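The values are calculated or read from the model by the stated rules, or taken from the named source; none is laboratory data. Note that the structure is predicted; figures quoted are calculated from it, not measured. When we count neighbours, we look across all protein chains shown, and the Cβ atoms used for this are built from the backbone with ideal geometry, even at glycine.
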Number of protein chains: 4
Amino acid sequence: MSKLRVAVLGARGRIGSEAVRAVEAADDMELVAALGRDDKLESLTDSGAQVVVELTTPASVMDNLDFCVRHGIHAVVGTTGWTDERLAQLNTWLSGSPGTGVLIAPNFSIGAVLTMKFAQQAARYFESVEVIELHHPNKADAPSGTAARTAQLIAEARREAGCAPQPDATATALDGARGADVDGIPVHSVRLRGLLAHQEVLLGGEGETLTIRHDSLHHSSFMPGILLGARRVATTPGLTFGLENFLDLN
Amino acid sequence: MSKLRVAVLGARGRIGSEAVRAVEAADDMELVAALGRDDKLESLTDSGAQVVVELTTPASVMDNLDFCVRHGIHAVVGTTGWTDERLAQLNTWLSGSPGTGVLIAPNFSIGAVLTMKFAQQAARYFESVEVIELHHPNKADAPSGTAARTAQLIAEARREAGCAPQPDATATALDGARGADVDGIPVHSVRLRGLLAHQEVLLGGEGETLTIRHDSLHHSSFMPGILLGARRVATTPGLTFGLENFLDLN
Amino acid sequence: MSKLRVAVLGARGRIGSEAVRAVEAADDMELVAALGRDDKLESLTDSGAQVVVELTTPASVMDNLDFCVRHGIHAVVGTTGWTDERLAQLNTWLSGSPGTGVLIAPNFSIGAVLTMKFAQQAARYFESVEVIELHHPNKADAPSGTAARTAQLIAEARREAGCAPQPDATATALDGARGADVDGIPVHSVRLRGLLAHQEVLLGGEGETLTIRHDSLHHSSFMPGILLGARRVATTPGLTFGLENFLDLN
Amino acid sequence: MSKLRVAVLGARGRIGSEAVRAVEAADDMELVAALGRDDKLESLTDSGAQVVVELTTPASVMDNLDFCVRHGIHAVVGTTGWTDERLAQLNTWLSGSPGTGVLIAPNFSIGAVLTMKFAQQAARYFESVEVIELHHPNKADAPSGTAARTAQLIAEARREAGCAPQPDATATALDGARGADVDGIPVHSVRLRGLLAHQEVLLGGEGETLTIRHDSLHHSSFMPGILLGARRVATTPGLTFGLENFLDLN
């Protein structure tokens, strides 16, 4: 079987250099280009890249994708900063190149994506749901973006299923004890030296609890998701938003 | 809205009496009969039961279901001891009563069912999977039936996805340290005073782990699943095996 | 060896009746009296009780202890409502009966007592400490009294050791995300159907974390501590406050 | 206050180079020498080192300590391979230099040391104790040395306290399900990609469980223990074995 020809854009960044190594280590892929800030995009076509892993910056991602789509090169995109305008622009480009696929993923960690998915699926079947996220103490925001997003997905699933409000008899509380309220879901943020990035979704019903916990110990956790994206984007024309769409969950 | 007319068979057993209370407490249900060992099945038709919750014994379940199916009463069955012969017999009865539904569930705990389902879905996306089950020290078998079943489902999912064998460099080990081997999946059994029934599925990939944990603190945890089964069995003709088929997981 | 002669006061209450059974089941004890609200205290002397387990109410505990101390009967006290005045009164009585011992314990769960003790001991050796307590949703206060007390003990230990303030770079936070501030220690309260009473102390330092978790699944968890108290109070004259003083931690 | 003058031996190794950085970063210490394999020990006396951190190899540690003790330089030793003969030799040297202190520690992680200590203290107060250790899948031995040592300390504490054997009604078990038997304590070894080094001690009694968990995410976790050792060894003449002796646990 011929190998998938993969190029990495942003190859000298922290995640990018890890992606270079991951592509090189994958049996079914060949790394055909690894471009940094000043390298020419023509290397992509010259090298016959079939899929580009785009890990640059919001300032350069649109030019890069314009080039890829025009040349029928599929793209897996980790760069952030997506607005409705940018997505619309990208869709326009893609409509002119019907066989080309682009995957944009806010999170390439399969564990994080599955945690959100499972939390969303389970949410309607339990009376109570709360989220605890735990991070290193240098983090500036609380709760984490992932925890806030998880809580919103849970809240949405519960609304759609017509769940009753969560039971909570708290009458006397210290300020903050019951956590932040994200769309009706309590979210608690722990900041502890020695931790990296962790999240727990606790679901409770009559006589039982279900806990889904994700521990992220290294940003290398993005690599399996990036490789999985690269393998599938070539056969998924158009724009896909979110890695969960590439997971077979049945 | 008219209430669902529900009867309980085995109403004086430990689970059965709890089911009686659960049906009585449900807003959308009416308990129309609660039968013990010596009560006549005719009470079911007399009372106009639409759904029967069958929580008796392998010795009586077939007669009970024969009666129910013949009279078009749907059934939610927690009684165990199902063989291929019994299932075939039941299917024959059901083919003669096309509008009637029967749900047989080895486990009515929604948390347990979701744990198995999620473990199965996630299994192919991680290099390593192990199962830890923890129970009170009066339990006679190790591992638990649920843990063994979970491990088998995981192994099956990994085979289907063509996963590589799990990495394990263990060269020197004390007997038993690495757990029991269930179809290639290590399963560890903890027996501890103070515990009831708990299970953890640990999945590990590059730089991250995902843990799905179910804690069962009381057999009242079967009630939400029994009620959910009762609500859905009336609109699901034929035989359904496993509560997971009645959960909307998308 | 002759058995310890034990009486229970408040023997018909929820905890009291459990204590009656626990004393009866203990090999080294004999239950000589089990008194309810209207029973005469003279039964204690008549029956030759050596140790009384006092599980009544703040309204009757002082009269009961007055009687016990005057008759040289040791006491293990679970009744709450202790003020400085009451303690002073009890000490006066005890000074008139030098061989008699009284143990008052706010918590007879050995697991809860050890959690507090270990948290206190470990607190000075880690940069970060947070407390998560998790209870059933019918609980009226947040955080729990035990969690608040644990946080205070931790804060005290850190002050005495001259620890620096905990690192926390949080700049943008939703209200409540970072928990309640109890004496500088963040405390998070989770309320979830299916839970009973649980507490986790998380300690984090460079490259490592230590977690001490207590799960209380039944108030029978008080019995081992009550029996341990009964065994040791007879040889510990005077007033002892807190079960931790009867644990050998070296 | 004058700073403690500290030297590092084995300064170019993985742990040694980290120790160099940790000493430099400590407000109360001055790094006066950082010696690799070929450097002369005389640098220690020339630089006026008060404490040496010894992180070399079994082949060189004895010569290094001979030199240190002869010159009254205290030592904190992480090098392994200690036999009774070596310890006797070291004690002879120390008896000739009465003011000098040497700390040898098999484990400098404060979390690991506290986990063992707490497990040992709590072991006698619970009916059941089991140990789960979880490591990356490249580990060659199972269980880990730390888990085996922890189990032995627990077993010893239970023997001294005259504890009854653990309850376990297991009658039918798959091979290995109940873990390895280390001195009567079941020990379970999990090997999972994404993990580093983790250990859980589970203690269970009537109606409650206590869990002590240590997560080691980086070998930087040794640094606080090494610094603590350096601070205290100067005022602790003679040989001290084990970091726990330098922790104030009361």
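For segment C:191-204, the criterion of being within 13 Å of chain D (Cβ to nearest Cβ), in contact with a Pro (Cβ under 9 Å, 6 or more places away or on another chain) and buried (at least 22 other Cβ atoms within 10 Å of the Cβ) is met by at least one residue. Kindly provide the set of residues from segment B:76-103 that are within 30 Å of B:D215 (Cα to Cα), touching a Gly at 6+ places or on another chain (Cβ under 8 Å) and of a type outside the set (S, T, Y), ordered by number. Hits for segment B:76-103 are B:V76, B:V102, B:L103. Somewhere in segment A:205-226, is a residue among the aromatic types (F, W, Y) and buried (at least 18 other Cβ atoms within 10 Å of the Cβ)? Checking segment A:205-226: at least one residue is among the aromatic types (F, W, Y) and buried (at least 18 other Cβ atoms within 10 Å of the Cβ).
The C-beta contact set for segment A:223-250 (first residue more than 12 Å from chain B (Cβ to nearest Cβ), second residue of a type in the set (F, W, Y) and surrounded by fewer than 17 Cβ atoms within 10 Å (Cβ to Cβ), distance under 9 angstrom, 6+ apart or interchain) comprises A:F241/A:W82. A:T115 passes every criterion in (1) over 20 Å from the mean Cα position of the chain (by Cα); (2) closer than 29 Å to B:L202 by Cα; (3) not in a loop (DSSP other than H, G, I, E, B) apart from (1). Name every residue in segment B:136-179 that is farther than 20 Å from D:V129 by Cβ, free of Cβ contacts under 8 Å to residues at least 12 places away in the same chain and of a type in the set (A, V, I, L, M), in order of residue number. Once the filter is applied, which keeps residues that are farther than 20 Å from D:V129 by Cβ, free of Cβ contacts under 8 Å to residues at least 12 places away in the same chain and of a type in the set (A, V, I, L, M), segment B:136-179 yields B:A140, B:A169, B:A171, B:A173. In this structure, C:V77 does not qualify as buried (at least 24 other Cβ atoms within 10 Å of the Cβ) and within 14 Å of chain A (Cβ to nearest Cβ).
Pairs meeting the criteria (first residue in segment A:84-104 and free of Cβ contacts under 8 Å to residues at least 24 places away in the same chain, second residue hydrophobic (A, V, I, L, M, F, W, C) and crowded, with 17+ Cβ neighbours inside 10 Å, beta carbons under 8 Å, at least 6 apart or on different chains) are lacking. Residues that are among the hydroxyl-bearing types (S, T, Y) and closer than 19 Å to B:G229 by Cα within segment B:58-87 comprise B:T79, B:T80, listed in sequence order. Return yes when A:T211 is in a strand (DSSP E or B) and within 30 Å of A:L94 (Cα to Cα) and no when it is not. Answer is no for this residue. If I filter segment A:9-24 for residues that are of a type in the set (D, E), modelled with pLDDT of 95 or more and within 26 Å of A:W93 (Cα to Cα), do I get at least one hit? Within segment A:9-24, not a single residue is of a type in the set (D, E), modelled with pLDDT of 95 or more and within 26 Å of A:W93 (Cα to Cα). Just one residue in the set B:A22, B:A49 is under 19 Å from B:H74 (Cβ atoms) and touching a residue at least 60 places away in the same chain (Cβ under 8 Å); that residue is B:A22.
What do you reckon, is C:T115 at pLDDT 95 or above and either within 14 Å of chain D (Cβ to nearest Cβ) or touching a Gly at 6+ places or on another chain (Cβ under 9 Å) (or both)? Even if it seems obvious, please write down each step before you answer.
Details: at pLDDT 95 or above: yes; either within 14 Å of chain D (Cβ to nearest Cβ) or touching a Gly at 6+ places or on another chain (Cβ under 9 Å) (or both): yes.
Yes.
The number of residues in segment D:186-208 being part of a strand (DSSP E or B) and in contact with a Leu (Cβ under 6 Å, 6 or more places away or on another chain) comes to 5. Selection of first residues in segment B:184-206 that are under 12 Å from B:T146 (Cα atoms) and touching a residue at least 24 places away in the same chain (Cβ under 8 Å) and of second residues that are crowded, with 24+ Cβ neighbours inside 10 Å and among the aromatic types (F, W, Y), restricted to Cβ pairs under 8 Å at least 6 apart or on distinct chains, gives the following pairs, ordered by first then second residue: B:V201/B:F118. Residue selection: B:T170 satisfies the criterion of being within 7 Å of chain D (Cβ to nearest Cβ), under 22 Å from B:T209 (Cβ atoms) and of a type in the set (S, T, N, Q). Reported count of residues in segment A:169-185, each being surrounded by 15 or more Cβ atoms within 10 Å (Cβ to Cβ), part of a loop (DSSP other than H, G, I, E, B) and on the phi < 0 side of the Ramachandran plot, is 4. Find the residue count for segment C:121-145, including only residues that are more than 9 Å from every other protein chain (Cβ to nearest Cβ) and either surrounded by fewer than 22 Cβ atoms within 10 Å (Cβ to Cβ) or over 19 Å from the mean Cα position of the chain (by Cα) (or both). Selection size over segment C:121-145: 3.
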